[in-house]
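For reference, the structure discussed in these notes is given below.
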Amino acid sequence: MKIIIILAITGLIAATGLTACSSGTTSTPNTANTAAKNSTVANNSVAANTAPAEKPGEETPASVKAAFPDAQSFTKQHKDITKEQIAAIEKETNAKLPDTDHHSYVAFSTTGGARKQVGAATVVEANGKEIVIIYDNKDGRPFVKEIRADGVSADFLKQFAGKNHDDKFLIGADLKAAGVDAALAKAIAEAVRVDAMTMQTLYGAPDKH
């Protein structure tokens, strides 16, 4: 059974400084590329009135669209992760990144004639299961707002709310399995933590600690 987890990110995914990954196309902004560690969320906001609509092969999954019922359009974004960033993320999380690029789906709505970004979602895997991973943004730092998963205990999922890359997501310490198979719970927690660290690295403001 597929398990879908949706992590929504409001105003977080960057159009600024995005580079195309080795597979697929990307919407590239007009702004010059800047180093992710020195970029702020303000500089990383998607240009709401310039991001193109979906292209063939870039279709947004229905599970992602379901997270943004008020969105009229979506754009799939790609951003390469540098070797230095990969090494830092893997050292911090003690886990391997699933790929050398990061994909996300940015949602837009049109209100009063103005097109604006309303959120975004990412898609990863855990234990061979597809996971559509929901963040919000506070002071330029992405944190988990919500997780949705078909067939997974709500008591388990709600524990992720409010956590960010600084949290360890350890089952038995930070999180309880709460009715979820221990192996699956661990795989989900690890996937979410890796994605949270990647989001912070690529789109978050520099850490102050």
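Of the residues that sit in region 79-95 and are touching a helix residue (DSSP H, G or I) at 6+ places or on another chain (Cβ under 8 Å) and among the hydrophobic types (A, V, I, L, M, F, W, C), which one is surrounded by the most Cβ atoms within 10 Å (Cβ to Cβ)?
Top of the filtered list is I89.
Condition first: crowded, with 16+ Cβ neighbours inside 10 Å and outside any strand (DSSP E or B). Now tell me which residues in region 123-144 satisfy that.
I133, I134, G140
In this structure, is D70 assigned to a loop (DSSP other than H, G, I, E, B), more than 19 Å from E130 (Cβ to Cβ) and not aliphatic (A, V, I, L, M)?
Criteria met by D70.
For the subset of region 155-209 comprising residues that are among the basic types (K, R) and surrounded by fewer than 18 Cβ atoms within 10 Å (Cβ to Cβ), which member is modelled with the lowest pLDDT?
This residue is K208.
Mind checking whether some residue in region 109-122 is closer than 12 Å to D195 by Cα and either of a type outside the set (A, V, I, L, M) or assigned to a strand (DSSP E or B) (or both)?
yes
For (1) within 14 Å of the chain's Cα centre (by Cα); (2) at negative phi, each residue gets a yes or a no:
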residue: D70; (1), (2): no, yes
residue: I81; (1), (2): yes, yes
residue: K96; (1), (2): no, yes
residue: V106; (1), (2): yes, yes
residue: T111; (1), (2): no, yes
residue: K116; (1), (2): no, yes
residue: I133; (1), (2): yes, yes
residue: D139; (1), (2): no, no
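The values are calculated or read from the model by the stated rules, or taken from the named source; none is laboratory data. A quick note: this is a predicted structure, and the numbers were derived from the prediction, not measured. Cβ atoms come from the backbone with ideal geometry, glycine included; neighbour counts cover every protein chain shown.
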